[in-house]
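Please read the structure below before turning to the comments.
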Amino acid sequence: MKNLVRLSSLLLFALITGVNTGSAQEKKQPVAVGTTVEVQTAPAELDPASWKEYKPESGHFTILFPGTPQEETQKLNVGQSEIIIRTLKLHELAIYSVMYSDYPVAVANPEAARGILDFTAKEGVEMYKAEPLDRQEITLEGHPGRFLKQRLPDGLVMRLKFYLVGQKLYQLMITTPQEEGATDEQRRFYDATAGKFLDSFKLAPATTVTPGGAGAGSGPALKNLPRAPISGGILNGKAISKPTPAYPAAARQAGVSGTVEVAIVIDEDGRVIKAEAISGPDELREAAVEAARLARFSLTRLSGQPVKVSGRLVYNFGLR
C-alpha cells in the first residue's frame, strides 16, 4: 500500500511539473456583450468544428479537444520498475491535459484503490497550493475516480478527474481563466467548456487493447481479456443472501463489540471468491469473513456480459 501511494505521489508530481499551468488569460480572454459571448480574439472553444475526438495510439481511450494536442512521454524509475508517463497537452483559452500511466501491479484491493485516489486528490490540492472548491467521488464504467475543482493562487480555476482502471491511472485536467470579475455568462461558458472536455473521456473497448499497453500495429489485438472487477461500494443492500455472522463466544464474554468491514470480490456467478477484513476489532473479524464468504449476489452485467464486482460488506456486532 505504501509503495502504491508513493507511486501516486510521483506520478502526480510528474504531471504537475510536466504541465505548465501558466496563465490561461494570456492568449484569449472572452468578454460578454449583450446576450452572447464574444471575444477579442475568438478562441477555438467557441467553434464547434474545432472540437474533435482524439484517440492516442496508446492509452485505449478517446476524448474531445478543441484542437490537436501535443503528445509527450516521460520515464520514471520507481525501485526496480520503469514507469512510462504519457501526456496530451493543449493551450487555447483554457489549458487542457490528459496524463496516463501504468502501475507495476494491478490494484485489486478496493481499500488500496480508494487510498490511492484520495491521496492523489489531496496532493493535487496541496502541491498546487490551491483553494478547494468542490470534491466528489465518481466512477467511469464502474471504475473508481475522483473529481476536484480548485482555485489556484493566481485565480485560475482548475478542474481535475482521476480514474483508476485496473493497472492504469488516468488524470484529466482543464484550467480556465479567473472568475473574479467575470460575468455570469462567462462563468457558464467556462463550466460548459470544462464539462465538454472532462465528460467526453471514454474508454475504448477491451478488444482494442494490445500487449504492454502499446498502440495499433505493435502487436495483435487481445480479445476476451479478463476485465478487472468493477467497484460496487457498500454491498449489504445488494446481496440476495447475506447470513448473519455468529458472535464469537469469547468476544461476547469479553464485552467486545463494534463494526467489521470486509472487502470482497464477487465472481461472474454472484459468489464471493475473496473476503478480507479491513477494519474492526480483531476478535470479530474471522466471524465476519466467514459470513461474507457465504453471501450470494445477483449477476452484474457490463455490456451484456457478467463481470466480477469488488466492494465491501459491513457487519455490526452489538452486545445486548
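Annotations
- Tallying residues that are closer than 24 Å to Ala250 by Cβ, assigned to a strand (DSSP E or B) and not aromatic (Phe, Trp, Tyr) within segment 271-320 yields 8.
- Unmet requirement for Ala250, which otherwise passes all of (1) surrounded by 14 or more Cβ atoms within 10 Å (Cβ to Cβ); (2) farther than 30 Å from Glu141 by Cα: (1)
- Residue selected from segment 124-150 under the condition under 29 Å from Gly67 (Cβ atoms) and modelled with pLDDT under 75, by the criterion surrounded by the fewest Cβ atoms within 10 Å (Cβ to Cβ): Met127
The values are calculated or read from the model by the stated rules, or taken from the named source; none is laboratory data. Not measured: the values here are computed from a predicted model. Every residue, glycine among them, receives a Cβ derived from its backbone with ideal geometry; neighbour counts consider all protein chains shown.
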